[in-house]
Amino acid sequence: MSVLDEHYRKTSSIVSTQVGEGVILVPIRQRAGDLDDLYTLNETAARIWELINGQRSLGEIRDLLVEEFDVSEGEAQQDVAGFVAELEAAGAVERQ
């Protein structure tokens, strides 16, 4: 199975908020010092975050990025796979 066949869903350990055209991810933790771990997403990353819903595969998300942005399939695939790996490492998403 390819990584593009994988489905991810957001975890409850992160909340997101729209700020202008971007999105900020805020980890929900017990210690106030953990607020240093805020994540500010650019337009592409914000769109990937929005599209992660447990129903779409990473390949489907890649295809939507190709349609919506001026980006090649290869670039979109790198963006999706790389960003989702970062989100998974941060505990923001998990595989279905």
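Can you tell me which of (1) surrounded by 15 or more Cβ atoms within 10 Å (Cβ to Cβ); (2) part of a strand (DSSP E or B); (3) over 10 Å from the mean Cα position of the chain (by Cα) is the one TYR8 doesn't meet?
For TYR8, the failing item is (3).
Kindly provide the set of residues from region 61-82 that are among the charged types (D, E, K, R) and assigned to a loop (DSSP other than H, G, I, E, B), ordered by number.
ASP70
Which is under 15 Å from GLN96 (Cα atoms) and surrounded by fewer than 17 Cβ atoms within 10 Å (Cβ to Cβ), of VAL71, VAL3?
Only one candidate qualifies: VAL3.
Going through region 80-96 one residue at a time, which ones are buried (at least 20 other Cβ atoms within 10 Å of the Cβ) and either touching a Phe, Trp or Tyr at 6+ places or on another chain (Cβ under 7 Å) or over 21 Å from THR17 (Cβ atoms) (or both)?
Once the filter is applied, which keeps residues that are buried (at least 20 other Cβ atoms within 10 Å of the Cβ) and either touching a Phe, Trp or Tyr at 6+ places or on another chain (Cβ under 7 Å) or over 21 Å from THR17 (Cβ atoms) (or both), region 80-96 yields VAL80, VAL84, VAL93.
Just so you know, all these numbers are worked out from the coordinates, no wet-lab data involved. What you see is a predicted model; the values in this text were computed from it and never measured. Note that we place each Cβ from the backbone using ideal geometry, even for glycine, and neighbour counts take in every protein chain shown.
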